[in-house]
Structures are given as structure tokens and as C-alpha cells.
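Student: Here's a structure for you.
The values are calculated or read from the model by the stated rules, or taken from the named source; none is laboratory data. Note that the coordinates shown come from a computational prediction; the quantities given were computed from them, not determined experimentally. All Cβ positions, glycine included, derive from the backbone under ideal geometry; neighbour counts span all protein chains shown. Accessible surface is based on the protein model in full, side chains and every heavy atom, while ligands, DNA and RNA are left aside. Shrake-Rupley method; radii C 1.70, N 1.55, O 1.52, S 1.80 Å.
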Amino acid sequence: MSSVGACRLLTRVAASSTLRAPVRGFQTTRASLQETTTATASPAATKWSPQTVELVNRLRDQQKYYATVIIKGRPFTVTQNDIVVMDRIKDLELGDSLALNQVTELGSRDYTIKGQPFVNPGMFKIEATVIEHPDGKQFTVTKKKQRTAGQKTTFHRNHHTMLRISLIDVNSIKA
């Protein structure tokens, strides 16, 4: 086993997988969206067991990867070049790049790494770019009081941020 203990060893992916509902009540700050230098362990700084190194290299041999990342408290399963539509992040501008480091699962068609609760950030690199800040469709809200002729109509739009996943890569690690 690895000395880190932050993730289980690679296992075969089951043929039938289910989608998970978003996690509610979990809030993050902008700092958790970006990779910080103090919280990130480099692959060279962490001591890995030979078995972990072998299994991560098997994952690196795969062609395409997927990851389940937590952005603003909600999990998104993404692959490279996916577009993620999420609630507005006000601090971001068009073209900003994010390094996503809260990953609960990282894998390919044959292998997966599951974090407890997160995968060690030294194993991967995931980047996303802000491509748009669209507004959602307009909702009509009608408020009416019982037994009166008066009613009030208001309109509402949700605001979104669109991210393109520009990079998903598994880092090479050494024992």
C-alpha cells in the first residue's frame, strides 16, 4: 500500500455504473477551486509503494481519462473538452484558467482511482477555462392572493458559468 493512504489502489471499473446526485449543503471558496502550492503535493515529494507506481502507470497507458471533480460543492463527471454549465462564479472572467484539485475519482475505461475523500493532487493535473457567462431562460413567477383581484407577476433568470475542461492528465510517479 502507498504511504499516503489518500486513495485506494486501482480497481477494475464495473460495467454498470450509476450517476450520483449532487452533494447539497457543501460550500467551497474560490481558493478551493484553484490549485494552491501549499496543499499540492508534487509527485516527487510523496513516497509511493512499488505496487502503486505500477498501477498508476497502467492507468497512464490508457488513452482517455475521466474524472469526478467537485466545483462549488457539486460533483461533475468530466472528460477532456467537455463543457460544464454551473451556477455563476462572479470572480471569474472570460478566458480565466482554473486548476481543479478536488477530485473524488479519476480513471479510464479499465481502471479507476477512488479518493478517500479526494485523490492526491500529485497524481493528476486537470485544468478548465471559462468560456462564457450565459443567462438561463426566463421564468415567470405569478403571485396571487386568495379572494382578491390583485396579482403580481415577476420575472427571473438564473446566471451560469460555462467551463471547458482543457486538460486531464495523469502524472508519472516514481517509487
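Student: Which trypsin sites (Lys or Arg not before Pro) in region 134-163 pass both tests, a DSSP loop state and at most 12 other beta-carbon atoms within 10 Å?
Tutor: Lys145, Arg147
Student: Heavy atoms only, probe 1.4 Å: what % of the accessible area of region 47-136 goes to carbon and sulfur, would you let me know?
Tutor: Summing carbon and sulfur atoms, their accessible area is 43 percent of the total for region 47-136.
Student: I would also like to ask the following. Toward the positive end of the charge dipole of region 111-160, about the Cα centre and with charges on Cβ (Lys, Arg +1; Asp, Glu -1), which of Met123, Thr154, Gly136 goes farthest?
Tutor: Farthest towards the positive end: Thr154.
Student: Roughly what % of Cα-Cα distances in region 58-115 sit above 12 Å, to the whole percent?
Tutor: 71 percent
Student: Considering only C-alpha atoms, what is the centroid distance from region 57-91 to region 99-133, in Å?
Tutor: 6 Å
Student: Still on this structure, I have one more. How much accessible area does Val85 have with a 1.4 Å probe, in Å² rounded to the nearest 10?
Tutor: 80 Å²
Student: Out of region 68-106, which trypsin sites (Lys or Arg not before Pro) are coil in DSSP terms and have no more than 16 other C-beta atoms within 10 Å?
Tutor: Of the trypsin sites (Lys or Arg not before Pro), the ones in loops of region 68-106 whose Cβ has at most 16 other Cβ atoms within 10 Å are Arg88, Lys90.
Student: Here's a follow-up. May I ask you to give the solvent-accessible area per residue for region 124-175, in square angstrom, as obtained with a 1.4 angstrom probe?
Tutor: 68 Å²
Student: Oh, and also: Can you list the lysines whose alpha carbon sits under 23 Å from that of Lys114, skipping same-chain ones fewer than 8 residues off?
Tutor: Partners within reach: Lys47, Lys64, Lys72, Lys125, Lys174.
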